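Below you'll find the structure, written out as structure tokens, and then a few comments.
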Amino acid sequence: MYYEVYIKRNTFLYNFVKVDSGSAYSNHHQAADRITKGFKVSAYAKDSIIEAIEPADTLQYPFILGVQRHPEAMDTKNPLSGNIGRKNLIK
């Protein structure tokens, strides 16, 4: 199922994908309703489902990015999928 994902500005994910929103693909029947201490929500769906999380301190933990979708099943030209697959996350 395709749906719209909204990216929060001033997040690692936003700086990486360079878009405020985009179409994503997922077929999950479960989702996180809360996240643990030390993480923050960086993207969400229209129905408020958490779509991405990242560490609150990305300087200390630069290698973690969790997404609730299937980037590998999406068009590589889509910034929500292609950028994740083809770019090095380390600057």
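Quick look at the numbers
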| quantity | calculated |
| --- | --- |
| Check on Ile84, within 15 Å of the chain's Cα centre (by Cα) and modelled with pLDDT of 90 or more | no |
| Members of region 45-63 that are surrounded by 14 or more Cβ atoms within 10 Å (Cβ to Cβ) and among the acidic types (Asp, Glu) | Glu51, Glu54 |
| Tally of residues being in contact (Cβ under 8 Å) with a residue 24 or more places away in the chain and within 19 Å of Asn10 (Cα to Cα) across region 40-54 | 9 |
| Residues of region 19-35 classified as part of a loop (DSSP other than H, G, I, E, B), in contact with a strand residue (DSSP E or B) (Cβ under 9 Å, 6 or more places away or on another chain) and either at pLDDT below 85 or open to solvent by 40 Å² or more (accessible area, probe 1.4 Å) (or both), total | 7 |
| Qualifying residue in region 43-61 (condition: at pLDDT below 90, among the hydroxyl-bearing types (Ser, Thr, Tyr), touching a helix residue (DSSP H, G or I) at 6+ places or on another chain (Cβ under 9 Å) and in a strand (DSSP E or B)) | no |
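The values are calculated or read from the model by the stated rules, or taken from the named source; none is laboratory data. Values in this document were obtained by computation on a predicted structure and should not be read as measured data. Every residue, glycine as well, gets a Cβ built from its backbone with ideal geometry; the counts of neighbours run over all protein chains shown. SASA here: full protein model, heavy atoms, side chains in, ligands and nucleic acids out. Shrake-Rupley method; radii C 1.70, N 1.55, O 1.52, S 1.80 Å.
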